[in-house]
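Visitor: My questions will all concern the structure given below.
The values are calculated or read from the model by the stated rules, or taken from the named source; none is laboratory data. Computed from a predicted model, the values in this text were never measured in an experiment. Positions of Cβ are generated from backbone atoms using ideal geometry, with glycine treated the same way; all protein chains shown enter the neighbour counts.
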Amino acid sequence: MTSDEREVPMTSEKELVASPMSSRSVTETVNGSHKFVIQGYSLAKGMGVEKHIASDTFTVGGYQWAIYFYPDGKNPEDNSTYVFVFIALASEGTDARALFELTLVDRSGKGKHKVHNHFDRSLESGPYTLKYRGCMWGYKRFFRQTALETSDYLKDDCLKIDCTVGVVVSVMDSPRLHSIQVPESGMHFGTLLDKQEGSDVVFNVAGEKIHAHKLCFDGLDGGEISVNSVANTLALADQYHAMELKACCLKFAAENIAAVMHSSGFEYLRDDCPSLQSKLLKIIAGCEEECNSGGKSRSVCAQLSVGEDSNGRMVRPRTDTG
């Protein structure tokens, strides 16, 4: 054997067995609250059965919501005996799963609020599914009118209703896709950067070009992709050709598309990365037929193509014929 030749050790069959992979699916709620003040209750009373006052829309978990207050009730058979309160889905979407809490605030300062808490009963009935815009959750006969008008909840002709919505989302928590083998001896990072050995990414910082290693970028993600971060992470992964991270982002975005398309990063993705939007459309195309079978909800593809609609204050419930 010459000095230039080295013996290559044989790898045993046992050493070729890959380490077991693992992943974890985390289902949780994205919570948000809204305070609705109804000033001038006495003037609203008598507006008629099935007529309501709507709050401004508010966004939770990628969907828009509104509170509906019916001062004369919603059902004619109640003959304006009760007030009704509902939380309504105020944006386009299909099968929004959520938990809710409605609180009629005690205005006396005693803290004796009237609370209807769906969160505490999640194990009994599970999250409520709202299938289309205008779908509502709440309580019929929320409060008897005569009792409300003599209670501590009504003060200075004003009611206050607090609402909490918890939208169910899925988060993929998986181990790092990339690992970096650190040599046993110390590494002189300054020399490594100066020599630019093995660099495959160039960053331009204030006009100065800095050579780096894409594998380091691929390993930056801590293993968790969320609704709020996936759009920006996907754009960066595409820009720097981190293909495995990009694939994970596309998969997660497709599985949670209704929430993702309302996230803060999605507008940038839609306007600046149309090719990524096209990839998303292709991934979700297989489930479009099922989503639109009822004929009432706008398709996800259509929403992605035209962007987010602006919703007015009043949202009228629809009749589900699907």
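Visitor: Answer yes or no as to whether V85 is within 20 Å of T29 (Cβ to Cβ) and within 28 Å of the chain's Cα centre (by Cα).
Guide: No, not satisfied.
Visitor: Looking only at the stretch 19-33, which residues are of a type in the set (G, A, S) and part of a strand (DSSP E or B)?
Guide: S25, G32, S33
Visitor: Can you go through A237, A302 and tell me which one is assigned to a helix (DSSP H, G or I) and modelled with pLDDT under 75?
Guide: Matching residue, one of A237, A302: A302.
Visitor: Could you count how many residues in the stretch 106-144 are more than 32 Å from the chain's Cα centre (by Cα) and outside any loop (DSSP other than H, G, I, E, B)?
Guide: Within the stretch 106-144, residues that are more than 32 Å from the chain's Cα centre (by Cα) and outside any loop (DSSP other than H, G, I, E, B) number 2.
Visitor: If the Cβ limit is 6 Å and pairs must be 6+ apart or interchain, which residue in the stretch 34-54 that is over 12 Å from V83 (Cβ atoms) and in a strand (DSSP E or B) pairs with which residue that is of a type in the set (K, R) and modelled with pLDDT of 95 or more?
Guide: Matching pairs, first to second residue: V37/K160.
Visitor: Mind telling me which of the residues A88, A147, A66 ends up being over 29 Å from I284 (Cβ atoms), small (G, A, S) and not in a loop (DSSP other than H, G, I, E, B)?
Guide: Criteria check complete, one pass: A147.
Visitor: Still on this structure: Look through the stretch 102-157, keep the residues that are of a type in the set (G, A, S) and in contact (Cβ under 8 Å) with a residue 24 or more places away in the chain, and return whichever of them is farthest from V85 (Cα to Cα).
Guide: S108
Visitor: If a residue has to be over 12 Å from D106 (Cβ atoms) and either among the polar types (S, T, N, Q) or crowded, with 18+ Cβ neighbours inside 10 Å (or both) to count, how many in the stretch 149-160 make the cut?
Guide: 1
Visitor: Looking at this structure, is G61 closer than 27 Å to A259 by Cα and buried (at least 21 other Cβ atoms within 10 Å of the Cβ)?
Guide: Yes; evaluated as a whole, the condition is true for this residue.
Visitor: Just one of F143, F189, F217 is surrounded by 16 or more Cβ atoms within 10 Å (Cβ to Cβ), modelled with pLDDT under 80 and among the aromatic types (F, W, Y); which is it?
Guide: F217
Visitor: Does D56 fit the bill of being modelled with pLDDT of 95 or more, touching a strand residue (DSSP E or B) at 6+ places or on another chain (Cβ under 9 Å) and surrounded by fewer than 18 Cβ atoms within 10 Å (Cβ to Cβ)?
Guide: yes
Visitor: Within the bounds of the stretch 39-46, is there any residue that is assigned by TED's automatic domain parsing to the domain that holds F100, modelled with pLDDT of 90 or more and surrounded by 16 or more Cβ atoms within 10 Å (Cβ to Cβ)?
Guide: Yes - at least one qualifying residue is present in the stretch 39-46.
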